[in-house]
Every structure is written in C-alpha cells, then in structure tokens.
Amino acid sequence: MSNNRVSRRQFLNYTLTGVGGFMAAGMLMPMVRFAIDPALQTKAEGNFVQTSQKIADLTEEPVKVDFTFEQVDAWYKSDVTEAAWVYKDGDTVIALSPVCKHLGCTINWAGDSAHPDQFFCACHAGRYEKNGKNVAGTPPLGPLDEYEVAEKDGYLMLGKKVANTLV
Amino acid sequence: MYFNVKDVQQFEAQKEFIDTAIVPLLSLKFDEGIKQSSSAAEYLMSLTAFIEQQFKGRLMLLPPFSYTEQTKSGLFVPLLKEELHNVGFKHVLFLTCDHSWTSLMDQIDVIWLPSIPLESMDKEVKKTVLEDQLKQVIPILSSKWTQS
C-alpha cells in the first residue's frame with residue numbers, strides 16, 4: 001500500500017471521467033465511422049466477369065459467350081446469365097451486347113439467311129453490321145453496345161457495358 | 001415485355017411493334033400430384049421467361065392464369081383471347097403443360113409442351129434444355145408473324 005491514498009473525491013472523479021470517456025467514445029466512434037465511411041469503401045476492381053472463352057480460340061467469326069454474375073435486387077440475390085457476341089478484329093477482341101437497341105430483343109449473328117454477315121433481330125427484322133452499326137432502314141436507331149474486355153490467364157473477361165466505340 | 005409498370009409504359013408508347021401476347025396456363029394440384037404440379041409450374045415459368053428474353057420487343061408475357069381441377073371450368077380461355085384481340089394483340093398464344101387444353105385447338109392457339117423436371121439439373125444443362133425447347137416454339141412464332 002502506498003502512502004498517498006486515493007480520497008473518496010478523487011476516486012469518484014477518476015471513475016466518472018473513465019466511464020464518461022467510454023460513453024463519449026461509444027457515441028463518437030460510430031459518428032466518425034459514418035463520416036469517413038465513403039472513403040473506406042473498397043471499389044470492386046472494374047467489375048470484370050470471368051468467362052470460359054479462351055482468347056486464343058477466338059476468330060473473326062462472332063461467337064456467343066455466356067457469362068454469369070450475381071445480381072442483388074434489394075434482398076433478392078439471383079444469378080444472371082448474359083451473353084456477348086465476341087470476335088477478333090486483327091488482334092483486338094471485340095465483345096458486343098446481344099440486346100437489340102430497338103426494343104430489347106436478343107439478336108443473333110447470321111440469323112437471317114439473306115444477310116449471313118450481319119447481326120439479325122428476329123422480332124422486327126432489325127439488322128446490324130459486324131461492328132454493331134445499325135443498318136439504315138431497319139427499326140434499330142443506334143449501334144449495339146459494347147463490353148469492356150480484358151484478359152486473364154488466356155481467358156476472356158468482360159466488364160461494363162459501354163456505348164459502341166467502333167462506329 | 002413483362003406485365004410490369006416499366007414495360008407497360010414502353011408498350012403503350014410502341015404499341016404497333018408489340019402485337020403478340022403470351023399467356024401461360026398453369027394447372028395447380030395440391031393432392032398427391034403437388035410435386036409434379038410444382039415442377040411443371042417451374043418449367044413453364046422458366047420457359048416463358050426465356051421466350052420473353054429472346055423476343056422482348058415483339059411480345060408481352062402475361063402473368064400465368066392458374067387454376068385447379070375445380071376452378072378450371074371458370075376460366076373462359078376463348079373469351080380471354082377475344083379480349084386480348086380487341087385491345088390490339090394480333091396474336092395470342094397460350095402456353096401450357098396441361099394436355100387438356102389441346103381440345104380447344106380449333107378456337108385458340110395453344111402450344112402444349114410436356115413438362116421437363118428442371119429441378120434436378122444443374123445450370124448448364126438447364127440452359128441447354130430451355131434452348132432446345134425454345135427452338136420448338138420459334139417456328140410457331142415466326143409462322144404466326146409471317147402470316148400477318
């Protein structure tokens with residue numbers, strides 16, 4: 001036991017400061033956390049989705065590549081499968097969205113036997129050239145959207161949908 | 001197009017392009033056939049959703065008309081067809097896994113598809129199966145569309 005004994009007044013002071021401090025901290029910490037939260041959030045790395053398509057297997061002929069990602073709609077999680085028409089133009093890989101710009105049907109490559117080198121929408125006979133440019137005189141009013149592409153271990157990765165950059 | 005507000009707004013604006021209605025007819029059973037019935041329901045809903053995805057801009061998929069053995073007689077399908085015709089759907093197609101509707105073949109366009117149990121399949125197989133089934137429906141749709 002030391003000589004300078006803690007008086008009742010001091011003891012109460014220490015205790016109240018301690019407990020009060022904890023309480024203040026308990027209230028302030030979440031506030032601070034909320035305030036700086038946006039800065040702490042990690043950005044998903046470009047949101048690229050892996051596909052099972054090997055880059056080396058691609059040719060100048062567009063092929064349909066399916067890819068699946070998880071979509072969260074409020075509390076409902078679901079796996080969404082989308083597709084892209086992918087081909088090589090020289091060395092660059094081009095991935096086009098299969099969604100018709102007219103009313104959102106799904107288009108097919110060479111779907112119309114009269115136009116074997118164009119994308120075709122069966123709903124209203126919309127046509128697109130290979131680079132996604134809409135053929136004038138058919139219902140679609142704009143070119144097909146494009147996907148960002150990347151490569152990982154020789155496999156194709158697809159990213160965000162962007163407006164067509166080729167036309 | 002689905003029967004939801006967003007799609008219906010688009011439908012109102014682009015009415016001349018969307019001339020086909022797809023109506024699923026869904027048989028519900030609650031006795032010993034309940035499992036089979038749920039499997040058929042799952043199949044029919046997946047298939048119609050897939051058809052919708054392919055031909056979004058040309059057809060509207062209505063919510064399924066469901067009935068049980070007892071309530072089936074209250075469903076006047078030819079009348080429903082008339083009603084849809086009158087609001088501008090040139091083609092009204094009924095899709096069902098219930099074979100009994102084929103007896104109305106001379107009054108309405110029924111596509112009867114035997115149900116395939118999808119629940120035991122993994123995703124890849126399921127997709128191929130649905131794609132194969134879609135290939136059965138496409139010729140029917142395109143023959144309808146070229147007629148008009």
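The values are calculated or read from the model by the stated rules, or taken from the named source; none is laboratory data. No experiment lies behind these values; they were computed from the predicted model shown. Reconstructed Cβ throughout: ideal geometry from the backbone, glycine too, with neighbour counts over all protein chains shown.
Remarks
- Pairs, first at pLDDT 90 or above in region B:68-88, second surrounded by 13 or more Cβ atoms within 10 Å (Cβ to Cβ), C-beta under 6 Å, six or more apart: B:Thr68/B:Leu28; B:Val77/B:Ile108; B:Pro78/B:Ile108; B:Lys81/B:Val92; B:Lys81/B:Ile108; B:Leu84/B:Ala21; B:Leu84/B:Val92
- Among the residues making up region A:94-126, those that are buried (at least 17 other Cβ atoms within 10 Å of the Cβ), away from every other protein chain (no Cβ under 14 Å) and not aromatic (Phe, Trp, Tyr) are A:Ile94, A:Ala95, A:Leu96, A:Gln118.
- Those residues of region B:1-13 which are loosely packed, with under 15 Cβ neighbours inside 10 Å and not basic (Lys, Arg), in sequence order: B:Phe3, B:Asn4, B:Val5, B:Val8, B:Gln9, B:Glu12, B:Ala13
- Identity of the residue in region B:111-130, more than 17 Å from B:Gly33 (Cβ to Cβ) and touching a residue at least 12 places away in the same chain (Cβ under 8 Å), that ends up farthest from the other protein chains (Cβ to nearest Cβ): B:Trp112
Per-residue answers, yes or no, for (1) more than 16 Å from the chain's Cα centre (by Cα); (2) more than 14 Å from every other protein chain (Cβ to nearest Cβ); (3) surrounded by 14 or more Cβ atoms within 10 Å (Cβ to Cβ); (4) of a type outside the set (Asp, Glu):
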site	(1), (2), (3), (4)
B:Lys72	yes, yes, yes, yes
B:Leu75	no, yes, no, yes
B:Lys90	no, no, yes, yes
B:Thr102	no, yes, no, yes
B:Gln107	yes, yes, no, yes
